[in-house]
Amino acid sequence: MSQAEFVIRRPDDWHLHLRDGAMLNAVLPHTSANFARAIIMPNLVPPVVTVADATAYRERIMAALPEGHQFEPLMTLYLTEATDPADVEEGVKQGLIKALKLYPAGATTNSDSGVRVIEKIYPVLEKMAEIGVPLCVHGEVTDADIDIYDREAVFIERVLSPIRDRFPDLRIVMEHITTEDGVAFVNEAGDNIAATITTHHLIINRNAYLVGGIKPHYYCLPVAKREKHRLALRAAATSGRAKFFLGTDSAPHPTHAKESACGCAGIYTSINTISCLAHVFEEEGALDKLEAFASLNGPAFYRLPVNEETIRLYKSDAPLELPSTVAVQSETVTVFDPGFPLHWRHEDMR
Ligand code: OTD
Ligand code: ZN
Ligand code: ZN
């Protein structure tokens, strides 16, 4: 399909880091300008582990929302070995908690409170399967002897497959898949297993951060892999299959913290994701699948209504001029550079 204009339901972001304080204030307007809802990651310092933490965090997000913006944060809890199944059930019943997040300890930014011994969370997983609340997983093992490029495949084999076999009804989102192994696992699994795919993993492979000098603004976790994996992700995202939907994993860090001898992982894409995605889907001849990926498949999996509002996407001759950085007090956050000019714009339909 090739066309210069089309309308889709307003997108949602099924995996987002909003942070807190000044950073929250700086980045939330980009999300609320572009998305109706987002699954809010709980990896604050300290993490969001109880329903009381999530209630307070939700209030801080709503207080930071610019006037006139409509946005619904979908809250999650950070699973620890001490998570109480009764608290989880209460949060889900209240309608506040939409998912629980499993971070293997040490797998990504602020994941030190994550799970070390998976069996310890079996009682919570049992409760989650019973009440139908999804488990979102960061699907990488953290064992020092496993090569970073193999950590997703090994996680599938050692952790995810056993969880699926033990809890066949548990609804699982394998977050930010980065390999053909992740795509295959999800494709072969039942309808209770889905995956999010980020914008940047559709655009960059591992050359982006390693060739011609080290490029910290393309460093994130899971790291981008070989080209064949990027192509598998593109095929999955543009397939229209209900199992695959957008989770930007937009993860802002101060520029100086990434441009460092030990730079932080995370790529900031909230501001230009929709233009980047339209570019990718057009390249793949799949603009007619963008709505499924960005606006329909996520709510279907999370058993939420689709958004009533729509946006119009259109192509302009002049490339979009977005800032390369966003100010956060005396710091900046560097915006993802897709490496090509962006011609797709969008506006709200009224
Ligand atoms: N990956 N950075 C962060 C989280 C994600 O694994 C993730 O979800 C972060 O900064 O919170 C990143 O590279
Ligand atoms: Zn993650
Ligand atoms: Zn994330």
**Request:** Show the residues, 5+ positions off or on another chain, whose built amide H is closer than 5 Å to the amide H of Leu18.
**Result:** Met41
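Lys and Arg at +1, Asp and Glu at -1: add these up for the other residues within a Cβ distance under 13 Å of Ala26 and post the number.
Values: positive: Arg19; negative: Asp20, Glu331.
Result for the local shell: -1.
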**Asked** So, in nm, how far is label Gln3 from label Ala56 when the simple model puts each one 7 Å beyond its Cα toward the Cβ?
**Response** 4.9
**Request:** Quick one: P(r) of the range 5-349 from all Cα-Cα pairs, 10 Å bins, percents rounded to integers, in order of increasing distance.
**Result:** 5, 27, 38, 25, 5, 0
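What does the charge dipole of the range 5-349 about its Cα centre add up to, to the nearest 20 debye, if the Cβ of each Lys and Arg holds +1 and the Cβ of each Asp and Glu holds -1? Could you put the intermediate results ahead of the total?
Numbers: 32 positive and 47 negative charges, 42 e Å.
Computed about the Cα centre, the dipole is about 200 debye.
Sorted by accessible area (1.4 Å probe), largest first, how do Lys98, Lys243 line up? Numbers along the way, then the final one.
Working: Lys98 45, Lys243 10 Å².
The residues order as Lys98, Lys243, largest area first.
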**Asked** Using 7 Å Cα-to-Cβ label points, what is the Tyr122/Ala105 separation (nm, one decimal)?
**Response** 1.9
**Complete:** For Lys215, counting only lysines whose alpha-carbon sits under 28 Å away and dropping same-chain residues fewer than eight positions off, the answer is Lys225, Lys228, Lys258
**Fill in**
In whole Å, largest first, the alpha carbons of the range 209-309 cover along the principal axes 45, 27, 20
**Request:** Mind listing the long-range amide H neighbours of Ala38? Cut-off is under 5 Å, sequence gap 5 or more, other chains count too, H placed in the peptide plane at 1.01 Å from N.
**Result:** Asp13, Glu72, Leu74
**Prompt:** What ranking do 201-210, 159-168 get when scored by the average of other Cβ atoms within 10 Å per residue, highest first?
**Reply:** 201-210, 159-168
**Request:** With springs only between Cα atoms under 10 Å apart, run a GNM on the chain and tell me which of Pro323, Pro216, Pro252 wobbles the most.
**Result:** Pro323
**Sequence ranges 63-72, 276-285, 132-141, ranked by mean other-Cβ count within 10 angstrom, highest first** = 132-141, 276-285, 63-72
**Karplus-derived HN-Hα couplings along the range 321-336 (A = 6.51, B = -1.76, C = 1.60, θ = phi - 60°), whole Hz, x at Gly and Pro** = 10, 9, x, 7, 9, 10, 7, 9, 6, 8, 10, 10, 10, 7, 7, 4
**Fill in**
Across Val49, Val183, Val306, the residue with the highest GNM fluctuation in the chain (Cα network, 10 Å cutoff) is Val306
**Listed residue (Pro73, Ala52, Gly95) projecting farthest to the positive dipole end of the chain, Cβ model** = Pro73
**Message:** Can you compute 3J(HN,Hα) from phi for each residue in the range 106-121, using the Karplus curve 6.51 cos²θ - 1.76 cosθ + 1.60 with θ = phi - 60°, rounded to whole Hz and x for Gly and Pro?
**Reply:** x, 6, 8, 3, 6, 10, 5, 8, x, 8, 9, 10, 4, 4, 5, 9
**Request:** May I ask for the distance between the Cα centers of the range 33-106 and the range 141-199, given as a whole number of Å?
**Result:** 22
**Asked** How large is the helix-only mean residue ellipticity at 222 nm for the chain, computed as the sum of -39500 (n - 2.57) over DSSP H runs with n ≥ 4, divided by its residue count, in deg cm²/dmol to the nearest 500?
**Response** -8000 deg cm²/dmol
**Asked** Which ³J(HN,Hα) values, rounded to whole Hz and listed in residue order, are derived for the range 3-11 from phi using the Karplus coefficients 6.51, -1.76 and 1.60 in 6.51 cos²θ - 1.76 cosθ + 1.60 with θ = phi - 60°, glycine and proline given as x?
**Response** 7, 10, 7, 7, 10, 9, 4, 4, x
**Request:** Enumerate the amide H contacts of Val335 below 5 Å, restricted to partners 5 or more residues apart or on another chain; note that Pro and chain-start residues carry no placed amide H.
**Result:** Thr325, Val326
**Message:** Need one number: % antiparallel among DSSP beta bridges in the chain, to the nearest 5.
**Reply:** 35
**Request:** Can you spot the aspartates and glutamates whose alpha carbon is less than 12 Å from Lys243's alpha carbon? Ignore those fewer than 8 places along the same chain.
**Result:** Glu175, Glu188, Asp191
**Prompt:** From the residues Ile311, Pro216, Asn272, which one has its Cα farthest along the dipole of the range 215-319 in the positive direction, the dipole being from +1 and -1 charges on Cβ of Lys/Arg and Asp/Glu about the Cα centre?
**Reply:** Pro216
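The values are calculated or read from the model by the stated rules, or taken from the named source; none is laboratory data. Remember, predicted model here, so these are calculated numbers, not experimental data. Glycine also receives a Cβ, built like all others from the backbone with ideal geometry; neighbour counts cover every protein chain displayed. To get the accessible areas, we keep the full protein, side chains included, count just its heavy atoms, and leave off ligands, DNA and RNA. Shrake-Rupley method; radii C 1.70, N 1.55, O 1.52, S 1.80 Å.
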